[in-house]
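The values are calculated or read from the model by the stated rules, or taken from the named source; none is laboratory data. Since the structure is predicted, the reported quantities are computational estimates derived from the model, not experimental observations. Heads up, the Cβs are rebuilt from the backbone with ideal geometry, glycines too, and the neighbour counts pull from every protein chain shown.
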Amino acid sequence: MALSAADDRLRRAERQGLRLAIICRTAALAAALAWYILGSLWAGYTPRPTGLGALLAFTVLGIFGVMVIGTRYERWWLKYLIYAADILGICALFVWLPVSSQAEVPQIVAFRAYGIYYLFPLVAMACLSLSWRLVAWSGVVAVVGWWTAFAIIVAGMDRRLSWRDLPAEATAGDYEAVFLSIDFIGTGNRIEETGFLLTAALILAYAVYRARRVFFAQIAAEAERERERAERERISLTLGRYVPEAIATRLIADPDALAPQVRHGAVLILDVQGFTAFAAGRPPDEVIAALDAFLAACADAVTDHDGVVISFTGDGLLATFNTPLEHPQPEQAAFATARALSAAAQAHPFAIRVGIAAGPVAAGSVGSSRRQAFTVYGDTVNRAARLEALAKDLAETILVDDAVAARIEADARLRDLGPRQIRGLPSPVHVWAGPKGPTGPGP
């Protein structure tokens with residue numbers, strides 16, 4: 001889609017550039033026509049009808065080209081035809097436009113009096129079309145046309161002098177006799193000038209080609225940035241408003257991360273203790289501001305330990321480790337996050353309860369095509385929720401199940417609370433308690 005749009009943009013730019021090139025070329029021809037008339041009159045010559053007619057015809061051809069570009073009559077070969085007609089027309093003028101009214105003056109003098117530089121502006125103006133093929137085509141046609149005109153003129157000459165007619169030890173008189181002779185054709189000069197012209201045309205063609213490559217590279221980069229922006233927006237809509245850049249980048253790099261899956265992981269559920277009492281009697285904006293600041297700090301703590309906040313649950317949150325992002329030690333990361341959350345609570349007017357459980361976690365995106373949410377579910381999630389609720393009854397800050405405790409280092413100083421029958425679960429759960437934190441909301 002992006003490359004197709006880029007092609008359309010480039011074609012429009014080519015069309016505008018081609019129109020500009022033909023306008024410049026037509027203006028140059030019109031100026032040449034005026035110069036030819038005024039120059040001839042100033043020199044005391046009568047402008048030749050052949051020259052006037054040729055310049056006028058090329059000017060009309062340019063006007064026709066400008067009118068056709070962008071219409072239904074435009075064809076891909078039109079620009080090649082116009083440039084070939086211009087170049088070959090100039091070459092033809094060197095053949096058929098007499099240098100002098102005197103028949104004894106050979107036409108080869110036109111090559112020496114004027115020169116191939118008349119063709120350089122046409123090749124240069126082809127660059128405005130942004131078509132490297134047109135630039136290369138103009139250079140090749142110019143070389144072929146110039147050599148054809150030269151061959152036609154030389155073939156009609158009775159006497160031809162060239163550089164090889166100079167003796168080995170040429171004197172000034174020898175140079176005058178050969179180089180200044182009206183029969184001097186200068187084949188070597190033709191080789192040099194057409195070589196320079198073709199080289200310049202090919203360099204310009206390559207420069208235009210490179211410019212096009214840069215253009216497409218920029219379009220591709222813009223498309224990639226747009227894709228990443230859309231993907232970040234999708235991830236934000238799926239996981240919630242708070243999706244750190246690092247998390248979004250990792251999820252973009254792994255497109256299957258949000259696909260339905262069952263993976264071993266750890267689930268952490270946090271709830272603010274006594275939030276109802278804290279909110280009572282305070283202005284709503286003060287309550288929301290305090291809660292936002294605290295939950296933002298909590299989300300940072302989860303992210304710092306490579307976890308993902310799946311959802312905010314009013315005055316709490318649900319986070320997972322090793323789903324959707326992989327983590328080699330989800331239990332340790334979840335417990336370290338819980339301790340960081342307890343420390344964060346001390347810097348805010350809240351106390352918290354945290355439940356952590358480890359085991360199989362089912363995860364995936366649910367919802368409609370317009371709005372989806374990433375969710376986790378299963379026994380592990382239920383167990384974490386029940387542990388968080390049990391923490392309230394036991395006046396504990398952090399409760400973990402046996403699966404988490406088995407992976408925690410000994411220096412964590414977990415306290416064994418033994419098996420507990422938890423409401424809503426079919427069998428007792430071996431419960432362990434972590435360090436105690438604040439036991440109620442602050443001032």
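Restricting attention to region 413-430, and to residues there that are more than 14 Å from Arg383 (Cα to Cα) and out of contact with any Gly (no Cβ under 7 Å at 6 or more places or on another chain), which single residue is modelled with the lowest pLDDT? This residue is Arg413.
As for region 112-120, it holds no residue that is touching a residue at least 60 places away in the same chain (Cβ under 8 Å), touching a strand residue (DSSP E or B) at 6+ places or on another chain (Cβ under 9 Å) and part of a loop (DSSP other than H, G, I, E, B).
Pairs are defined by a Cβ separation below 8 Å, a sequence spacing of at least 6 or placement on different chains, a first member in region 204-218 that is farther than 24 Å from Val140 by Cβ, and a second member that is surrounded by 12 or more Cβ atoms within 10 Å (Cβ to Cβ) and at pLDDT 90 or above; no pair meets this definition. If you check Leu390, Leu399 for being assigned to a helix (DSSP H, G or I), modelled with pLDDT of 90 or more and at negative phi, only one passes: Leu390.
Residue pairs whose Cβ atoms lie under 6 Å apart, separated by 6 or more positions or on different chains, with the first residue in region 276-297 and surrounded by 12 or more Cβ atoms within 10 Å (Cβ to Cβ) and the second assigned to a helix (DSSP H, G or I) and modelled with pLDDT under 90, are Val287/Ala279. From the list Ala297, Ala293, Ala336, the one residue that fits, being within 41 Å of the chain's Cα centre (by Cα), within 19 Å of Val404 (Cα to Cα) and in a helix (DSSP H, G or I), is Ala336.
The set of residues from region 184-233 being crowded, with 17+ Cβ neighbours inside 10 Å, part of a helix (DSSP H, G or I) and among the small types (Gly, Ala, Ser) comprises Ala201, Ala205. Determine whether Gly156 is at pLDDT below 90 and either touching a Gly at 6+ places or on another chain (Cβ under 7 Å) or closer than 30 Å to Ile82 by Cβ (or both). Yes: the conditions hold for Gly156.
Counting just the residues of region 350-376 that are part of a loop (DSSP other than H, G, I, E, B) and surrounded by fewer than 18 Cβ atoms within 10 Å (Cβ to Cβ), which one comes out modelled with the lowest pLDDT? So that I can check it myself, show each step before the final result.
So the first thing to find is which residues in region 350-376 are part of a loop (DSSP other than H, G, I, E, B), and the list is 350, 368-371.
Then drop every residue that is not surrounded by fewer than 18 Cβ atoms within 10 Å (Cβ to Cβ), which leaves 368-371.
On the way: Ser368: 60, Ser369: 56, Arg370: 62, Arg371: 61.
If we take residues in region 350-376 being part of a loop (DSSP other than H, G, I, E, B) and surrounded by fewer than 18 Cβ atoms within 10 Å (Cβ to Cβ), then Ser369 is modelled with the lowest pLDDT.
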